[in-house]
Amino acid sequence: MEPFDLSDGTVLLRTPGAEDVDAIVAACQDPDIQEWTTVPTPYRYEHAVGFVHDVVAGGWGTGSPTWAIREVADGERLVGMIGLTAQPVRSAEIGWWLVPDARGRGLMGRSVELVVTAAFGRLGLDRIEWRAFAGNESSRAVAERAGFTVEGCIRGGAVTGDTRRDDWVGTLLTTDRR
Ligand SMILES: CC(C)(COP(=O)(O)OP(=O)(O)OC[C@H]1O[C@@H](n2cnc3c(N)ncnc32)[C@H](O)[C@@H]1OP(=O)(O)O)[C@@H](O)C(=O)NCCC(=O)NCCS
């Protein structure tokens, strides 16, 4: 699959490239992104280089697209990231983060809507899974507003480094009312 953009006029989702490495490094210093996502800690320049060149560039060819979230009204500044990780049989796990000054304005809700619509449309998926470390109420609120059903908590279901954490899991199916 070739990279493609998504936009609703407020956010522009475009795959991140080498020119975005500095912005990604800066964003991933945020304590909340380090606490609630699986980005390496401490997050260094080479992590962003590897992310862009390996995870992002390789992902589009294997059904795992990643988009940088850009705020149109702010010169298309990179304010976040959202992506799908392919799972067997027309399913994928969705993941996301926003920089702190972009939160609380509905930008992630808009981005999730664009990605879910593309996933169930041109990508041909019929199931999207959301996972978050238990207690991540802001991510859960975004997921529930987007129509995900939170189904429960997998005890010890997430591993970061040598730490095991409880994992909330939810799903959105094409057949769900949105
Ligand atoms: C999870 C995360 C992306 C949520 O960000 P967010 O700003 O709450 O999400 P949104 O951009 O959709 O904003 C929603 C909020 O904006 C408000 N809002 C303002 N204008 C809005 C609009 N036009 N449309 C929708 N919501 C709007 C909503 O009321 C909502 O506020 P509330 O949560 O107080 O009810 C963010 O907290 C984050 O990056 N956290 C760290 C990383 C992380 O946890 N990632 C997820 C791992 S599973």
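Miscellaneous remarks
- Residue list for the stretch 112-140, restricted to those being more than 22 Å from PRO31 (Cα to Cα) and of a type outside the set (A, V, I, L, M, F, W, C): GLU113, THR117, GLY121, ARG122, GLY124, ASP126, ARG127, GLU129
- Test result for VAL89, exposed (fewer than 15 other Cβ atoms within 10 Å of the Cβ) and assigned to a loop (DSSP other than H, G, I, E, B): yes
- So GLY152, is it within 10 Å of the ligand (Cβ to nearest atom) and at positive phi: no
- For the stretch 152-178, filtered to residues that are under 23 Å from ARG110 (Cα atoms) and open to solvent by 70 Å² or more (accessible area, probe 1.4 Å), the residue that is modelled with the lowest pLDDT is ARG178.
- Restricting attention to the stretch 54-72, the residues that are open to solvent by 60 Å² or more (accessible area, probe 1.4 Å) and either without any contact (Cβ under 8 Å) to a residue 24 or more places away in the chain or touching a His at 6+ places or on another chain (Cβ under 6 Å) (or both) add up to 3.
Condition check ((1) within 17 Å of the chain's Cα centre (by Cα); (2) within 14 Å of the ligand (Cβ to nearest atom)) across all residues:
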| site | (1), (2) |
| --- | --- |
| VAL11 | yes, yes |
| ALA48 | yes, no |
| PRO88 | no, no |
| GLU93 | yes, yes |
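- Of all residues in the stretch 11-26, those that are polar (S, T, N, Q) have Cβ atoms under 7 Å from Cβ atoms of residues that are open to solvent by 20 Å² or more (accessible area, probe 1.4 Å) and at pLDDT 95 or above, 6 or more apart or on another chain, in THR15/PRO3.
Rundown of residues vs (1) more than 25 Å from ALA134 (Cα to Cα); (2) within 16 Å of the ligand (Cβ to nearest atom), yes/no style:
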| position | (1), (2) |
| --- | --- |
| LEU6 | yes, yes |
| ARG14 | yes, no |
| ASP20 | yes, no |
| ASP30 | no, yes |
| TYR45 | yes, no |
| VAL56 | yes, no |
| VAL72 | yes, yes |
| VAL79 | no, yes |
| ASP101 | no, yes |
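- Filter result for GLU144 (touching a strand residue (DSSP E or B) at 6+ places or on another chain (Cβ under 8 Å), over 24 Å from THR15 (Cβ atoms) and surrounded by fewer than 13 Cβ atoms within 10 Å (Cβ to Cβ)): no
- Tallying residues that are over 13 Å from SER138 (Cα atoms), without any contact (Cβ under 8 Å) to a residue 40 or more places away in the chain and open to solvent by 10 Å² or more (accessible area, probe 1.4 Å) within the stretch 92-114 yields 2.
The values are calculated or read from the model by the stated rules, or taken from the named source; none is laboratory data. Not measured: the values here are computed from a predicted model. When we count neighbours, we look across all protein chains shown, and the Cβ atoms used for this are built from the backbone with ideal geometry, even at glycine. Note: accessible area is taken over every heavy atom of the protein model, side chains too, but ligands, DNA and RNA are not part of it. Shrake-Rupley method; radii C 1.70, N 1.55, O 1.52, S 1.80 Å.
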